[in-house]
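First the structure, in the form of structure tokens, and then the observations on it.
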Amino acid sequence: MSTETSSPAQVSVTGRSSRQLRAVVAPLAVLALVIGVWYFVSYQVLAPARRFLLPPPHQVVTKGLFGPAAPDMWEALQRTTTVAFTGLAIAVVLGIAWAVLMAQAGWAETALFPYAVVLQCIPILALVPLIGFWFGFGFTARVFVCVLIALFPIVSNTLFGLKSVDRGLRELFALRSTSRWTVLRKLEFPAALPAIFAGVRISAGLAVVGAIVGDFFFKQGDPGIGILIDNYRSRLQAPQLFASILLASALGVLVFAFFGWLSRRLVGAWYDAARN
């Protein structure tokens, strides 16, 4: 009587399929639980006169996402996305340049890194009025807020990646009398890419937050999603308010997921292979 055994390749495929299934089922199960609790609170905990505090999910969808205010929401979301991506792009360029400068000389890190920490620790809401005075209350001021919020993770992660290169590889490049620029271009920067993308993923979500915070305070010009959130709050338009919040959250999740996908596409395969 013969027995059948699964090959390692089959076991690997089965395990991968199981993980992919869990990655889909687990979030959907949590989503179903959240929606169930949401309905319970709306209809069982809140009185009808106070249901505006937490309208049921179907009202958020019908009156908010697909109601008369939906076109304004999508236009505002587009403006917020433009601000967030502009601020993120500037933060990436400045942050990487700042980290590269600090990685090339110990005195530069000693002199400059404390200011990166200070920049991270300053309450952004305290600076918002000054930013308005300096840059006005339009697109430029909103982008500046995004840059301030998104800059530190890129600086710190890039610096960590550049300084974490294997010592043996550094010695190998030193034996060949390689220039500092070549070491940076062919060794340090490629090795730092996973850390850089980790910082960009964090900063991408922070840039969205910065764009919304800027909307709350800089109310001139075309409205972003933050302005709509504030308007719906003041008018007690609960379905539209919750719909705007969900759109803003979805934007942050999509931006975070996009840079995670981009990281896996650009550096994931060879980086994982090098670690194994």
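Tabulated values for the structure
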{"quantity": "Residue 72 accessible area, 1.4 Å probe, all protein chains in place, Å² to nearest 10", "calculated": "80"}
{"quantity": "Choice from 42, 234, 179 with maximal GNM fluctuation in the chain (Cα, 10 Å cutoff)", "calculated": "179"}
{"quantity": "Cα-only radius of gyration and Dmax that characterise segment 20-91, units Å", "calculated": "17.3, 48"}
{"quantity": "Heavy-atom SASA rank of 160, 197, 40 (probe 1.4 Å, accessible area, largest first)", "calculated": "160, 40, 197"}
{"quantity": "Whole-angstrom gap from segment 178-197 to segment 205-251, using each part's C-alpha centre", "calculated": "39"}
{"quantity": "Accessible surface, per residue, of the chain when the full set of protein chains is kept, probe 1.4 Å, Å²", "calculated": "59"}
{"quantity": "Accessible-area composition of the chain, carbon plus sulfur, in percent [1.4 Å probe]", "calculated": "68"}
{"quantity": "Over segment 89-207, volume per residue of the alpha carbon convex hull, in Å³", "calculated": "104"}
{"quantity": "Relative contact order (%) - the chain, alpha-carbon pairs under 8 angstrom, separation at least six", "calculated": "25"}
{"quantity": "Estimated vicinal HN-Hα couplings, Hz - segment 65-79 in sequence order (Karplus 6.51, -1.76, 1.60; Gly, Pro = x)", "calculated": "5, 10, x, x, 8, 4, x, 5, 5, 5, 5, 5, 5, 5, 5"}
{"quantity": "Among 75, 109, 171: highest mean-square fluctuation, GNM of the chain, C-alpha pairs under 10 Å", "calculated": "171"}
{"quantity": "For the chain, size of Cβ-based charge dipole, Lys and Arg +1, Asp and Glu -1, in debye", "calculated": "260"}
{"quantity": "Percentage, to the nearest whole number, of Cα pairs in segment 194-269 over 19 Å apart", "calculated": "45"}
{"quantity": "242, 137, reordered so the largest accessible area comes first (probe 1.4 Å)", "calculated": "137, 242"}
{"quantity": "Scattering curve values for the chain, log₁₀ I(q)/I(0), Debye with Cα scatterers, q = 0.09, 0.10, 0.13, 0.14 Å⁻¹", "calculated": "-0.61, -0.72, -1.01, -1.09"}
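The values are calculated or read from the model by the stated rules, or taken from the named source; none is laboratory data. The model shown is predicted, which means the values in this text are computed figures rather than measured ones. FYI the Cβ positions are ideal-geometry reconstructions off the backbone, even for glycines, and counts take in every protein chain you see. Areas reflect the complete protein model, heavy atoms only, side chains present, ligands, DNA and RNA absent. Shrake-Rupley method; radii C 1.70, N 1.55, O 1.52, S 1.80 Å.
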